[in-house]
Amino acid sequence: MTQDVTIKITDREGIIHEVLAPTDMNMNVMELVSAYELAPEGTIGICGGMAMCASCQCYVLNQVTLPERNDDEEAMLSEAFNVKDNSRLGCQIYITNALEGLEIALAPES
Ligand code: FES
């Protein structure tokens, strides 16, 4: 059985969007933000989800447990701007049932 999870995304203007995210499309959070057009085209997902641009950086705002940062994500975040302890690369977080209730904010464009 597949189902959608609800994710709250604060865009770069500070507007909160509550969106439904499909768990059965092998989709990641960067693609979700693009699909809902929550960031202007060309300002997110620049590397296509390869953990090489940080345009998909977001801050995790609540206690939903996510998979650990992988090595590529860690390396990119060590070079990116505006990185905080709760920074993640949206393209490295795949949408699963575990993400139900996740709240994130998009990092500023750098
Ligand atoms: S889309 Fe480039 S690092 Fe995520």
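Read-outs: derived from the displayed coordinates by stated rules, not from any lab. All values reported here derive from a predicted model rather than from experimental measurement. Positions of Cβ are backbone-derived with ideal geometry, glycine not excepted, and every protein chain shown enters the neighbour counts.
Note on segment 24-40: among residues that are in contact with a helix residue (DSSP H, G or I) (Cβ under 9 Å, 6 or more places away or on another chain) and not in a helix (DSSP H, G or I), the one that is farthest from A98 (Cα to Cα) is A39. Only one of the numbered conditions (1) under 15 Å from T96 (Cβ atoms); (2) assigned to a strand (DSSP E or B); (3) of a type outside the set (A, V, I, L, M) is violated by T65, and that is (2). Whenever a residue of segment 99-110 is in contact (Cβ under 8 Å) with a residue 12 or more places away in the chain, its partners that are of a type in the set (V, I, T) and outside any loop (DSSP other than H, G, I, E, B), lying with C-beta atoms within less than 6 angstrom and at least six residues away or across chains, give the pairs L99/V5; E100/V5; L102/I7; I104/I9; I104/V60; A105/T10.
Every listed requirement among (1) of a type in the set (S, T, N, Q); (2) closer than 25 Å to Q3 by Cβ; (3) within 14 Å of the ligand (Cβ to nearest atom) is met by N97 save one, (3).
Can you confirm whether V64 is surrounded by 14 or more Cβ atoms within 10 Å (Cβ to Cβ), in contact with a Phe, Trp or Tyr (Cβ under 6 Å, 6 or more places away or on another chain) and farther than 19 Å from S110 by Cβ? Taking the combined requirement at face value, the residue does not satisfy it.
Filter segment 69-93 down to the residues that are of a type in the set (G, A, S) and assigned to a loop (DSSP other than H, G, I, E, B) and list them by number. It would help to see each step written out before you state the result.
Filtering segment 69-93 down to residues of a type in the set (G, A, S) leaves 75, 78, 80, 87, 90.
Within segment 69-93, A80 is the sole residue that qualifies.
Would it be correct to say that I9 is in contact (Cβ under 8 Å) with a residue 60 or more places away in the chain, under 11 Å from the mean Cα position of the chain (by Cα) and not in a strand (DSSP E or B)? No: the conditions fail for I9.
Taken together, A105, A80, A51 contain a single residue that is surrounded by 15 or more Cβ atoms within 10 Å (Cβ to Cβ) and either of a type outside the set (A, V, I, L, M) or in contact with an Asp or Glu (Cβ under 7 Å, 6 or more places away or on another chain) (or both), which is A51. Scanning segment 94-109 for residues that are touching a strand residue (DSSP E or B) at 6+ places or on another chain (Cβ under 6 Å) and assigned to a loop (DSSP other than H, G, I, E, B) yields I95, E100, L102, A107. Among the conditions (1) farther than 26 Å from D71 by Cα; (2) among the β-branched types (V, I, T); (3) part of a loop (DSSP other than H, G, I, E, B), T43 misses just one, which is (1). If you go through segment 53-62 and keep only what is assigned to a loop (DSSP other than H, G, I, E, B) and either charged (D, E, K, R) or more than 14 Å from the ligand (Cβ to nearest atom) (or both), you end up with L61, N62.
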